[in-house]
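Here is the structure we will look at.
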Amino acid sequence: MRRAIARAAEAPDSLPALPPPASAAPDAGIVLNDWVRVHGDDTVTVQINHSELGQGALTGLAMLAAEELELEPGQVRTEFAPADAKYGNGLWGGQFTGGSSSIRGEWERLRKEVAAARMLLIEAAARRWKRKAQDLRAERAGVLDPASGQRLGYGALAAEAAKLPARRRVTIKPLDAMKIVGRPYPRLDIPDMATGRLRYSMDVTLPGMLVASVARPPAIGSRLKHFADEAARNIPGVHDVFAIDSGVAVVADDFWAASRGRQALDIEWVTPGNAAALTHEAVYAELDSALAQDGKKVRNDGNAKAALRKAERIIEARYRTPFLAHVPLEPLNCVADVRADGCDVYVGTQSQEDSQDTAARLTGLPKHQVRVHTQFAGGGFGRRLETDFVADAVQVSRRMARPVQVVWTRADDLQHDRYRPAGAARLQAALDARGAALAWFMRIAGSELVLEGTNVPYAIPNVREEHVEVS
């Protein structure tokens, strides 16, 4: 390994250079459409409608934009798009990030939006030079007239381009003309990440902001009966203690004071009578019992049962998967600033739409008065599709009439996750005398969510898959 690193160091041209640290835009930029602004230095800012959770979506989408605008990815600044229906997921609608949909969803849609901006810039140059647009081309952050050698940067053309009507027909690059897509390129956020400039929602501070920690019930379905808060209120820095939908909130000057106040609470919960019976052993017993039943047919190619009866050899296996927490590296947190005239939410979320809806519902404000400021998130894995931590911050801020940051502890995150469902599976494979697969039988017990990935991609002539619902 050391020799490999040394060889790479001796051949720097073999490694892509890191992009320079992101610099502030030289000006506000000129808007060409809902996705693209052009600046005087010929760079562009592109609205990114997906969240950056560490998966690299921001850089991947910037590369798509750079491809269509004939820029290097480092010449594309990115902004998280506000909560708005026009920035919905390109695959499924709704403004959220999940299911590995960022590139798949925007592969065509974002490229078309950016290509439309490119065509406006070319048209602006054509009108200035009194040339036909088809005789010009975009090249190196500007528009070139190959016949005369004239060139104008995007910044010089943006004001004229912004006045032109949007093009109805937009042409995107064919695959064989692409210069950036398919090449390795360093992530655009690495310099800011390495120097501590990258801002997560945990880093957000607002004037007058308080911090809250919420004591939550010990079991699903528990409800608050009574709490005594005198000791918590005596902790220096604690401002208030009160109940919200998810538990008891302790609001303080900082997280340390809020956490100490929470530990000083005396809370009585009413826990469902069956809570003690809900153990891993009980869950597995229910799943195993379900596997002994015939299931609902999910797939039935050929006749797997007949093939199993005739098989020279049968291989059988059983699998169990437990309830699993998502455990993103950055604990769940959110900053909310609720006022009479609006609400601002600062959060690393996977669903801007649901975050906005949650805040609007809890405040009674119309959606257009709720602004979601998407922050970088330290992992998500689906957990940040939920908005329970957004609801905490909105409720506490509304009560305090001040900006409030709610921070979950790691214990909160583990105990109150929206877990991946437990499941069990029984699998059988029928082999002929040569060891070739004749049949595949699979019965799965669990939530319908466990059916994802059951489409076996192998050329097996007889396949039967069944599902027994256990929820």
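The values are calculated or read from the model by the stated rules, or taken from the named source; none is laboratory data. Computed from a predicted structure; not experimentally measured. Counting neighbours? That spans all protein chains shown, and the Cβs are built from the backbone with ideal geometry, glycine included.
Just one of the numbered conditions (1) in a strand (DSSP E or B); (2) in contact with a His (Cβ under 7 Å, 6 or more places away or on another chain); (3) surrounded by fewer than 22 Cβ atoms within 10 Å (Cβ to Cβ) is not true of ASP417; which one?
So ASP417 meets the others, but not (1).
If you take the residues in the range 334-386 that are touching a residue at least 40 places away in the same chain (Cβ under 8 Å) and β-branched (Val, Ile, Thr), which one is surrounded by the most Cβ atoms within 10 Å (Cβ to Cβ)?
Among those residues, the one meeting the criterion is THR349.
Please verify whether the range 437-445 includes one or more residues that are surrounded by fewer than 19 Cβ atoms within 10 Å (Cβ to Cβ) and either of a type in the set (D, E, K, R) or assigned to a helix (DSSP H, G or I) (or both).
Checked the range 437-445: no residue is surrounded by fewer than 19 Cβ atoms within 10 Å (Cβ to Cβ) and either of a type in the set (D, E, K, R) or assigned to a helix (DSSP H, G or I) (or both).
State which residue pairs qualify: first residue closer than 16 Å to ARG426 by Cβ and inside the range 300-323, second residue of a type in the set (S, T, N, Q) and at pLDDT 95 or above in any location, beta carbons under 8 Å apart, and separation of 6 or more residues or different chains.
Qualifying pairs under 8 Å: ALA304/ASN462; LEU308/GLN428; ILE314/GLN428; ILE315/GLN428; GLU316/GLN428.
Using beta carbons and a limit of 6 Å, which pairs, at least six apart or on different chains, have the first residue in the range 394-413 and under 13 Å from MET202 (Cβ atoms) and the second one of a type in the set (D, E, K, R)?
Pairs that qualify, where the first residue is under 13 Å from MET202 (Cβ atoms) and the partner is of a type in the set (D, E, K, R), are VAL406/ASP392.
Does TYR185 satisfy being in contact with a helix residue (DSSP H, G or I) (Cβ under 9 Å, 6 or more places away or on another chain) and under 30 Å from THR349 (Cβ atoms)?
On the way: in contact with a helix residue (DSSP H, G or I) (Cβ under 9 Å, 6 or more places away or on another chain): yes; under 30 Å from THR349 (Cβ atoms): yes.
Yes.
I need every pair where a residue in the range 56-82 that is more than 20 Å from GLY155 (Cβ to Cβ) has its Cβ under 7 Å from the Cβ of a residue that is assigned to a strand (DSSP E or B) and of a type in the set (Asp, Glu), sequence separation at least 6 or different chains.
none
Looking at the structure I just gave you, is GLU286 in a helix (DSSP H, G or I), out of contact with any Phe, Trp or Tyr (no Cβ under 8 Å at 6 or more places or on another chain) and modelled with pLDDT under 95? Lay out the reasoning, then the answer.
Details: in a helix (DSSP H, G or I): yes; out of contact with any Phe, Trp or Tyr (no Cβ under 8 Å at 6 or more places or on another chain): yes; modelled with pLDDT under 95: no.
Against the criterion (in a helix (DSSP H, G or I), out of contact with any Phe, Trp or Tyr (no Cβ under 8 Å at 6 or more places or on another chain) and modelled with pLDDT under 95), GLU286 does not qualify.
Among the residues that make up the range 453-471, is at least one of them small (Gly, Ala, Ser), farther than 30 Å from GLN95 by Cα, outside any helix (DSSP H, G or I) and in contact with a Leu (Cβ under 7 Å, 6 or more places away or on another chain)?
no
Mind telling me which of the residues ASP13, ASP34 ends up being out of contact with any Gly (no Cβ under 6 Å at 6 or more places or on another chain) and modelled with pLDDT under 55?
Values: ASP34 fails: modelled with pLDDT under 55.
After applying the criteria, what remains is ASP13.
Residue by residue through the range 212-266, note down the ones that are of a type in the set (Val, Ile, Thr) and part of a loop (DSSP other than H, G, I, E, B). Step through it out loud before you land on a result.
Of the residues in the range 212-266, the ones of a type in the set (Val, Ile, Thr) are 214, 220, 235, 238, 241, 244, 248, 250-251.
Within the range 212-266, ILE220, ILE235 meet the criteria.
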